[in-house]
Amino acid sequence: MNRIVHPIEQESFRRLRARLDTSHFPPLTRAVVERVIHSAADLEYANDLVMDEEDLVTAHAALHAGAPVVVDVEMVAAGITRRETVCRLKEAKSGPGLTRSAHAVRLAHEQVGPGAIWVIGCAPTALEELLTLDASPALVIGLPVGFVGAAESKEALRASGLPAVSNVSEKGGSAVAAAALNALLYHPIHPKETP
C-alpha cells in the first residue's frame with residue numbers, strides 16, 4: 001500500500017531542501033537525515049548524525065522482510081506509524097545496578113532474539129544494556145537524549161561496530177528516533193531488495 005503524503009508534509013520537505021542541500025547524501029542516508037530534521041525542525045542534524053549507507057541498505061531489506069522492531073519507550077512506538085513494535089518497559093523492574101529501561105531491553109532481547117531493529121530514543125541505559133547483549137541486530141537506531149550518558153552511550157554504540165544510526169551530540173529523543181525508523185519504512189523497496 002502506497003503512503004499518501006499530506007500537502008503540509010510535502011511543503012515542509014520543500015522548505016527543508018530550500019534551506020539545506022541534501023542531494024550529496026546517498027539515498028537512504030538522505031531519507032534518514034531529512035526525516036530526522038523534519039521531525040525536530042533542526043538543520044544541525046545534517047552534521048550531527050552518523051550512519052553508513054551499506055548498513056542502511058541491509059537494515060532496509062531486513063525491515064521490509066519483517067524483522068522485529070524493538071523500542072525503548074512507548075513514545076517511540078507511538079511515532080512509528082506503519083509497523084507493530086515490541087516495548088517491554090511496562091513489565092520491566094529496576095534493581096541494584098539495573099534501570100527499568102535496561103531490564104526492558106533484556107526482556108525484549110529474550111523475546112525477539114537476533115536480527116531485530118532496535119530503536120532507542122529515550123534512555124541511554126537501554127542503549128548501554130543492548131551493547132552488553134549478543135543481540136546481533138540488523139540495525140540499532142541509537143538516539144537517546146539527555147545530559148547524563150546520552151552522548152557517551154552513542155559513542156559506545158559507534159565504537160561497538162554494530163550497524164547503527166546515531167548522533168554525536170546530546171540531542172536526540174523519541175521523535176527523532178521514530179523518524180529515523182520511519183525513513184526506512186517509507187523508502188521504496190527496490191526490485192533487487194524484494195524478499
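The values are calculated or read from the model by the stated rules, or taken from the named source; none is laboratory data. Since the structure is predicted, the reported quantities are computational estimates derived from the model, not experimental observations. Every residue, glycine as well, gets a Cβ built from its backbone with ideal geometry; the counts of neighbours run over all protein chains shown. Heavy atoms of the whole protein, side chains included, go into the accessibility calculation; ligands, DNA and RNA do not. Shrake-Rupley method; radii C 1.70, N 1.55, O 1.52, S 1.80 Å.
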- prompt: Which residues, counting only those in the range 133-178, are among the hydroxyl-bearing types (Ser, Thr, Tyr) and in contact with a helix residue (DSSP H, G or I) (Cβ under 9 Å, 6 or more places away or on another chain)?
  reply: SER153, SER160, SER166, SER169, SER174
statement: Subset of the range 1-40, residues part of a helix (DSSP H, G or I) and either touching a strand residue (DSSP E or B) at 6+ places or on another chain (Cβ under 8 Å) or open to solvent by less than 40 Å² (accessible area, probe 1.4 Å) (or both), comes to GLU9, PHE13, LEU16, LEU28, THR29, ALA31, VAL32, VAL33, GLU34, ARG35, VAL36, ILE37
message: Show me the helices (runs of 4 or more DSSP H) found entirely inside the range 41-145 where at least 2 residues are over 16 Å from SER174 (Cβ atoms) and within 13 Å of the chain's Cα centre (by Cα).
response: 53-64
- request: Quick one: in the range 71-93, of everything that is aliphatic (A, V, I, L, M) and open to solvent by 30 Å² or more (accessible area, probe 1.4 Å), which residue is farthest from ILE189 (Cα to Cα)?
  value: LEU89
query: Given the conditions (1) of a type in the set (A, V, I, L, M, F, W, C); (2) modelled with pLDDT of 95 or more; (3) open to solvent by 50 Å² or more (accessible area, probe 1.4 Å), and given that ILE189 satisfies all but one, which numbered condition is not satisfied?
result: (2)
- request: Name every residue in the range 165-183 that is touching a strand residue (DSSP E or B) at 6+ places or on another chain (Cβ under 7 Å) and surrounded by fewer than 23 Cβ atoms within 10 Å (Cβ to Cβ), in order of residue number.
  value: VAL168
query: Which one is farthest from LEU139 (Cα to Cα), of the residues in the range 45-70 that are free of Cβ contacts under 8 Å to residues at least 60 places away in the same chain and open to solvent by less than 20 Å² (accessible area, probe 1.4 Å)?
result: ALA46
Any pair with Cβ under 7 angstrom, 6 or more apart, that starts in the range 24-40 at a residue that is charged (D, E, K, R) and ends at one that is outside any helix (DSSP H, G or I): ARG30/THR22; GLU34/THR22
query: Any idea which residue in the range 150-176 is farthest from GLU54 (Cα to Cα), counting only those that are without any contact (Cβ under 8 Å) to a residue 40 or more places away in the chain and assigned to a loop (DSSP other than H, G, I, E, B)?
result: GLU170
message: What are the pairs with Cβ atoms under 8 angstrom where one residue, in the range 117-145, is of a type in the set (Gly, Ala, Ser) and open to solvent by 10 Å² or more (accessible area, probe 1.4 Å) and the other, located anywhere, is in a strand (DSSP E or B) and at pLDDT 95 or above? Sequence gap at least six, or different chains.
response: ALA138/ILE117
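Each row is one residue, and each column tells you yes or no for (1) in contact with a strand residue (DSSP E or B) (Cβ under 7 Å, 6 or more places away or on another chain); (2) among the small types (Gly, Ala, Ser).
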site: PRO96; (1), (2): no, no
site: ARG106; (1), (2): no, no
site: VAL119; (1), (2): yes, no
site: ALA159; (1), (2): no, yes
site: LEU162; (1), (2): yes, no
